[in-house]
Amino acid sequence: MTTSWAVVTGASGGIGAAFAQQFAANGINVVLVARNRKQLNTVAQNLQEQGVKTEIFVADLSDPGQPQKLHQFVQSKKITPLYLVNNAGFGDYGLLTKADPQKLQNMLQLNVAALTSLAHYFGKEMQKRNNGYIVNVASTAAFFPGPYMATYYASKSYVLSLSVALNEELRSSGVSVTALCPGPTESNFAVAAAAERTNIFAGKLPSSESVAAFGYRAMLARRPVAVHGWRNRLVTALAGLLPRPQAAKIVRRIQA
Ligand SMILES: NC(=O)c1ccc[n+]([C@@H]2O[C@H](COP(=O)([O-])OP(=O)(O)OC[C@H]3O[C@@H](n4cnc5c(N)ncnc54)[C@H](OP(=O)(O)O)[C@@H]3O)[C@@H](O)[C@H]2O)c1
């Protein structure tokens, strides 16, 4: 077993829990972060059975003070993580003008601000030791304007842009940043976003496990951008060729 540690946010289910499994399968200890203590305990127990150590930090990361508290918690445990997976995030289906303003704030705080703060705190330490891996979970949504989930799509565009820029800033110090871009994936995401009846989530979707395994390999290969699945790679490549208002019309039709 190694003494390396990973911090995974949104580790109580879906892609985050599957990412935590990837670390455990490779003998890496994990700090698990999310709001649901019970689910975190279940994930932790599972990982411990594979012989790795775990720590749990229960927090609502949309609370602006929590990213720093998470960093302080990790420091208090004398853990210097080699890996950070900024995975916690959510979407909300509907018109921006009809959205709950508090929910919009929480989404931006979680998807954008918390992710940025955590990349800052842990990236700084990785830079000092000249080694580290950050995975920021973006989305294929990052490549499009997304009517009916406008804020979510825009938040993921931010994640993609930030990640590529930060990767360039840190490259010479041995720290890589990977923007993992899954397409629609089997998890609680669609239900949490009230988007499960849209065409985007119709049909058989890839599992969270397959996305995490792909993301884990991309992280180790220090790839700046990793789009999961050949169909998603094709669609995101075509997105760059379309005028943005045209792309918005297409996404609107699909998500209506
Ligand atoms: N599934 C998809 O189709 C899809 C596609 C592209 C990108 N993504 C991205 O993938 C990431 C993971 O999503 P998922 O598909 O695994 O969805 P999920 O099953 O809903 O998991 C979301 C995770 O984030 C945690 N979380 C949510 N709000 C939080 C908060 N305020 N503070 C701390 N933790 C919070 C949840 O745990 P608690 O509820 O316990 O807090 C859960 O562990 C997200 O960033 C999402 O945007 C998903």
So residue 190 passes all but one of these: (1) over 26 Å from residue 131 (Cα atoms); (2) surrounded by fewer than 19 Cβ atoms within 10 Å (Cβ to Cβ); (3) of a type in the set (A, V, I, L, M). Which condition number does it fail? (2)
Need pairs with beta-carbon distance below 6 Å; first residue among the acidic types (Asp, Glu) and within the range 55-83, second assigned to a strand (DSSP E or B); sequence gap 6+ or separate chains. 55/31
Let me confirm something: among 7, 33, which residue is closer than 28 Å to residue 106 by Cα, under 20 Å from the mean Cα position of the chain (by Cα), at pLDDT 95 or above and more than 9 Å from the ligand (Cβ to nearest atom)? 7
Close pairs (9 angstrom Cβ cut-off, 6 or more residues apart or separate chains): of a type in the set (Lys, Arg) in the range 189-211, more than 8 Å from the ligand (Cβ to nearest atom) anywhere: 197/93
Scope the range 137-156; condition more than 11 Å from the ligand (Cβ to nearest atom) and either over 15 Å from residue 96 (Cβ atoms) or basic (Lys, Arg) (or both); matching residues: 143, 144
In the list 178, 198, which residue meets the criterion of being among the hydroxyl-bearing types (Ser, Thr, Tyr), touching a helix residue (DSSP H, G or I) at 6+ places or on another chain (Cβ under 8 Å) and closer than 19 Å to residue 158 by Cα? 178
Listed residues 183, 229; which is on the phi > 0 side of the Ramachandran plot, at pLDDT 95 or above and surrounded by 17 or more Cβ atoms within 10 Å (Cβ to Cβ)? 229
Please list, ordered by first then second residue, the pairs with beta carbon atoms under 6 Å, 6 or more apart or interchain, first in the range 30-50 and surrounded by 13 or more Cβ atoms within 10 Å (Cβ to Cβ), second among the polar types (S, T, N, Q) and in a helix (DSSP H, G or I). none
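The values are calculated or read from the model by the stated rules, or taken from the named source; none is laboratory data. Note that this is a predicted model, so its numbers are computed, not measured. For neighbour counting, all protein chains shown are included, and Cβ atoms are generated from backbone atoms with ideal geometry for every residue, glycine included.
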